[in-house]
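All of the numbers you see were taken from the coordinates with simple rules; none came from a lab. It should be emphasised that the depicted structure is a prediction, and the values quoted were computed from it without experimental measurement. Cβ placement follows ideal geometry from the backbone for every residue including glycine, while neighbour counts extend to all protein chains displayed.
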Amino acid sequence: PVWERAYRGHVLWLGKTKLGKVSLLEKERYGWEAAGRAGVAEDLDKAKKAVEYAVLIADKQRDLFNG
């Protein structure tokens, strides 16, 4: 996966698949979304790590209805 700058944030891509994104909400606060999860972080590095972690555990969690 590769981080790419976007308008007011960053996007995590795997090839042409968008895995998650981080957006600047207001001064020094970042919102993140990935793998059906979302949250807020106080700095860009923490928000990026949250996206990467959400993507990582999405593949490892069992589906409640098919598992």
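Compared with the dominant principal axis of the Cα atoms in the chain, helix 44-58 is inclined by about 10°.
Alpha-carbon geometry of region 7-46: the Rg and the Dmax are 10.2, 31 Å, given in that order.
Considering only alpha-carbon pairs that sit under 8 angstrom and 6 or more positions apart, the relative contact order computed for the chain is 19 percent. The residues neighbouring LEU25, those whose beta-carbon lies less than 15 Å from its own, together hold a net charge of +1 under the Lys/Arg +1, Asp/Glu -1 convention. Dipole size of the chain about its Cα centre, with +1 on Lys/Arg Cβ and -1 on Asp/Glu Cβ: approximately 140 debye, rounded to the nearest 20.
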